[in-house]
1. For every other residue with a beta carbon closer than 13 angstrom to the beta carbon of B:GLU40, add +1 if it is Lys or Arg and -1 if Asp or Glu, then tell me the sum.
2. What span do the alpha-carbon atoms of region A:439-571 cover on each of the three principal axes, reported in whole Å from largest to smallest?
3. For A:LYS160, give me every one of the lysines with a C-alpha distance below 28 angstrom, ignoring sequence neighbours fewer than eight places off in its own chain.
4. Using the 2.2 N^0.38 Å rule of thumb for compact globular proteins, work out how region B:73-142 stacks up: its C-alpha Rg over that value, please.
5. Over the Cα atoms of region A:260-349, what radius of gyration and what Dmax do you get, in Å?
6. From the residues B:ALA143, B:GLY166, B:VAL54, which one has its Cα farthest along the dipole of region B:40-184 in the positive direction, the dipole being from +1 and -1 charges on Cβ of Lys/Arg and Asp/Glu about the Cα centre?
7. Whole number please: convex hull volume per residue of the Cα set in region A:362-493, in Å³?
8. For the charge dipole of the protein assembly as shown, defined by +1 on Lys and Arg C-beta atoms and -1 on Asp and Glu C-beta atoms about the Cα centroid, which residue among A:LEU295, A:ILE10, A:PHE556 has the Cα displaced farthest towards the positive pole?
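The values are calculated or read from the model by the stated rules, or taken from the named source; none is laboratory data. If you're wondering where the values come from, they're calculated on a predicted model, not measured in any experiment. Glycine gets a Cβ as well: all are built from the backbone with ideal geometry, and neighbour counts include every protein chain shown. SASA here: full protein model, heavy atoms, side chains in, ligands and nucleic acids out. Shrake-Rupley method; radii C 1.70, N 1.55, O 1.52, S 1.80 Å.
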Amino acid sequence: MNTELFGVIITFFLSVLLAFPLGKYIAKVFKGERTITDFMNPLERLIFRFSGVDPAEGMNWKQFLKAMLSINMLWFVYAFFALIFQNKLPLNPDGNPGQTPDLAFNTAISFLVNCNLQHYSGETGLTYFTQLFVVTFLQFVSAATGIAALVAVFNGLKDKNTDNLGNFWAILVRSITRILLPLSLVMGIILAFNGTPSGFDGKDTITTLQGDTVQVSRGPAAGMIAIKQLGTNGGGWFGANSAHPLENPNYFTNIIETIAIILTPMALVFALGFYINRKKLAYVIFGVMTFLCVLFIGLNVYFETKGNPAIDKMGIAQHIGSMEGKEIRFGSAATALWSVVTTSSSNGSVNGMHDSLTPLSGGILLLDMMINALYGGVGVGLLNYYIFIIIAVFISGLMVGRTPEFMGHKVEAREVKIATLVWLLTAFLVKAGTAMAAYMAAHHPDLAWSVNPSAWLNNPSYHGFSEMLYEFTSANANNGSGFEGLSDNNIFWNVTTGFVLILARYIPIIGPVAIAGLLANKKFIPESPGTLRTDSITFGAMTLAIIVVVNALSFFPALALGPLAEYFSIK
Amino acid sequence: MKIFLVSIKLTLILIIICAGLFPLTVALVGKLAPGRGKGEIITVKGKVVGYANVGQKFTADKYFWSRPSAVDYNAAGSAGSNKGPTNPRYLETVEDRIDSFLVHNPGIKRGEVPAELVTASGSGLDPDISPASAYVQVKRVAAVRGLSEAKLKSLVDAHVEKPLLGILGPSKVNVLKLNVALEELR
């Protein structure tokens with residue numbers, strides 16, 4: 001058991017160690033300074049010339065958002081039709097069918113918004129064409145969209161007074177050529193050399209040693225798995241995601257894949273400090289995020305290694321923890337670590353089944369996704385944290401009786417309204433969605449959808465409620481993991497979570513970018529002794545308190561009905 | 001309008017790079033990897049018996065068993081049971097598996113049955129069992145095959161894979177490799 005715990009500690013430690021230099025590098029890339037990837041320059045020039053982009057042309061916040069939303073809309077239409085007609089397109093060695101319109105709607109959106117909810121199973125629900133030309137493509141560009149939005153906010157913070165948040169196209173392209181593509185190439189090759197398939201061969205049929213005939217799904221998976229980990233996407237090649245022995249073959253790849261989940265989100269926090277030259281601010285933010293994240297990791301590792309009390313009661317030997325839904329080569333501790341970092345970061349890939357975690361571990365994952373700002377999704381995690389900062393600045397300002405300021409700009413009614421609305425949306429989407437689903441399951445169990453509401457849940461009672469709560473929380477956090485026992489491939493879940501995905505992606509991007517644009521337009525007020533310092537530990541603690549209080553107020557009742565009730569039922 | 005034109009062109013070229021060139025590069029380099037990018041296979045006397053990393057169903061008494069699987073070890077798909085920890089029907093299933101294990105393994109006490117051997121894996125394709133799960137089956141396999149327990153124990157010893165670098169992660173036993181070696185013992 002000790003080597004398992006040690007593995008967890010080393011993995012987390014390595015993540016921080018690697019994220020720091022990566023953050024420094026990312027800041028350099030977007031400042032336009034010289035970096036080791038300057039050999040990408042000709043490729044970028046080619047891309048810009050081909051698509052008619054002038055990378056030096058600045059954009060104000062409205063132009064920036066317009067460009068972002070336009071290209072995102074185009075991607076959606078492209079993905080939707082490709083998924084419906086995938087059976088008629090090439091690269092389909094297993095002869096998989098096209099997706100139904102409601103499933104294609106959900107799938108297209110969920111990859112577009114960096115969520116990867118996956119109401120299908122990779123082995124049968126997609127073809128190699130859509131795995132690569134829809135899924136892998138969107139995994140790159142949706143992550144790059146998140147980074148671009150964040151860099152826009154960085155630009156708003158950097159200058160004392162500016163209209164220019166940068167060129168969306170240029171930032172999008174460079175996020176791919178300088179960050180995501182090089183990292184994915186290295187990682188994809190590491191995976192390929194550790195046993196993940198990378199060739200285009202279709203399913204294999206074999207006779208096992210015992211004499212059973214089975215098939216083995218394969219495909220060009222290694223590269224896709226790299227970007228799904230690095231871009232906080234999370235949607236796996238195979239149905240079982242990184243629990244699948246071909247998607248994550250051994251403990252070494254598990255360390256690499258775990259690090260890849262939080263590497264970029266952590267690095268972007270450091271990048272903030274280097275980019276706007278306020279390192280202390282970045283360290284304070286990183287400290288708050290790490291404090292909560294490590295606390296959650298500690299709790300989940302404890303609960304999972306301790307095992308399921310209901311199994312203990314049977315009098316058998318539960319020495320290596322609760323192993324239902326987990327793989328022997330990772331063990332319970334590494335699976336607990338993964339479960340927390342994947343919900344912290346809006347990645348949503350899994351290396352064990354969350355539905356089978358012990359009750360409080362499942363509850364912590366829910367809470368983690370409700371906060372959705374502990375490192376968070378690439379780019380968007382820090383944007384969510386930015387919302388908490390604005391609220392914290394406002395409340396602190398009220399407490400000391402001063403006009404709230406952030407980075408030399410007055411935070412006024414308009415900005416606070418935007419921040420509050422963004423936050424309230426989260427609480428609304430999660431709870432309204434779950435309420436609606438629970439109502440359907442309880443009062444209309446026999447509706448003739450492809451799966452009757454009475455058959456949605458894989459587990460009865462409190463845990464069944466958690467399955468529905470988890471699905472909407474995951475959709476709202478653009479996370480993509482699930483309590484996968486839920487039968488979610490039917491019109492209710494495909495459509496409702498589809499809309500939650502759209503709203504919960506774009507409004508939390510539009511809000512912060514707009515706030516950053518509005519603030520950067522205001523008169524700069526130099527710091528004075530009376531200024532509330534946002535890079536102090538005190539303010540960090542204040543933000544932490546805001547995060548805890550706001551989330552507790554919004555979500556405690558829901559958590560009490562699900563995981564907490566389940567926990568007390570087996571005490 | 002200009003935005004849409006830029007969007008379309010940029011999308012085209014990014015698709016070529018991210019969905020075309022990138023996976024092709026990984027596929028080409030992957031040709032050099034063990035298994036040549038198709039997955040590593042295990043052969044016995046020239047006959048393919050399985051993939052090293054993909055678990056197989058072993059239910060006969062003469063083999064070391066693998067863990068329960070929600071997809072019956074057919075790697076055409078993959079899934080966990082997704083049963084919650086307090087689900088009464090799930091707990092009954094586990095009870096049944098314990099009973100069945102005890103029937104097939106006379107002389108083993110209830111307290112010796114490893115929980116991981118009666119609970120399903122995340123992928124349904126777990127290629128490994130814990131060392132404890134292998135040792136607890138030695139008595140049965142030895143009896144069925146008419147081999148000495150000491151000999152089988154040392155076979156298992158030889159197949160226990162230590163943690164990464166000796167310090168990171170759990171120890172494990174690859175069931176297929178163990179059973180292939182077991183067949184060769186004769």
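1. Details: positive: A:ARG218, B:ARG36, B:LYS38, B:LYS177; negative: A:ASP204.
Around B:GLU40, the surrounding residues sum to +3.
2. 65, 38, 22 Å, listed from the longest principal axis down.
3. Here the lysines satisfying the reach criterion relative to A:LYS160 are A:LYS24, A:LYS28, A:LYS31, A:LYS62, A:LYS66, A:LYS279, A:LYS280, A:LYS410, A:LYS417, A:LYS522, A:LYS523.
4. Working: Rg = 13.2 Å, N = 70, 2.2 N^0.38 = 11.1 Å.
Against the compact-globule rule of thumb, the ratio is 1.19.
5. Reported Rg and Dmax, both Å: 17.1, 59.
6. Result: B:ALA143, furthest along the dipole toward the positive end.
7. Values: hull volume 17.4 nm³, N = 132.
Hull volume normalised by residue count: 132 Å³.
8. Of A:LEU295, A:ILE10, A:PHE556, it is A:ILE10.
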